[in-house]
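Step one of this worksheet: look at the structure below.
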Amino acid sequence: MYEKILVAIDGSQSSYNALNSAISLAKHFQSELYLVSVVNTANLPMNVGVSFAPGLTKDLEDGARHDLKKAEDIVKESKLDYHVSLLNGEPREQLTKYPYEYQCFTSSIKKIQKS
């Protein structure tokens, strides 16, 4: 049913919880996992028209690679097939386009707060 499952990784505990849920689902359906992290380069700070982007972008990409590596290590233990992508741009836009390009099922976990 679900051949490809997209999991957005941002380093938060919620993203790793979603990864664990996706692993369970992927095992059940024998699916491939697509681990994706997006570096938000659309909203980098500017100062008098000069971008701090070169150094800041590299730092953000390094952080995202670290988060993806942690996710990849978790998936390796499951022995599932997986793909890893690091994207740049506006996260909502990138995570909306990616599933269409790669024909992935997406799922999100919503934190429910008790009143």
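The values are calculated or read from the model by the stated rules, or taken from the named source; none is laboratory data. Since this is a predicted model, take the numbers as computed values, not measurements. In this analysis, Cβ positions are derived from the backbone assuming ideal geometry, glycine residues included, and neighbour counts consider all displayed protein chains.
For the structure I just gave you, tell me whether residue 2 is in a helix (DSSP H, G or I), touching a helix residue (DSSP H, G or I) at 6+ places or on another chain (Cβ under 8 Å) and either at pLDDT below 95 or surrounded by fewer than 20 Cβ atoms within 10 Å (Cβ to Cβ) (or both).
Answer is no for this residue.
Would you point out which residue out of 59, 73, 81 is charged (D, E, K, R), surrounded by fewer than 17 Cβ atoms within 10 Å (Cβ to Cβ) and in contact with a strand residue (DSSP E or B) (Cβ under 6 Å, 6 or more places away or on another chain)?
81
Which residues, counting only those in the stretch 5-48, are in a strand (DSSP E or B) and either closer than 16 Å to residue 94 by Cα or of a type in the set (Lys, Arg) (or both)?
5, 6, 7, 8, 34, 35, 36, 37, 38, 39, 40
Do we find a residue being at pLDDT below 90, over 16 Å from the mean Cα position of the chain (by Cα) and among the hydrophobic types (A, V, I, L, M, F, W, C) anywhere in the stretch 106-115?
yes
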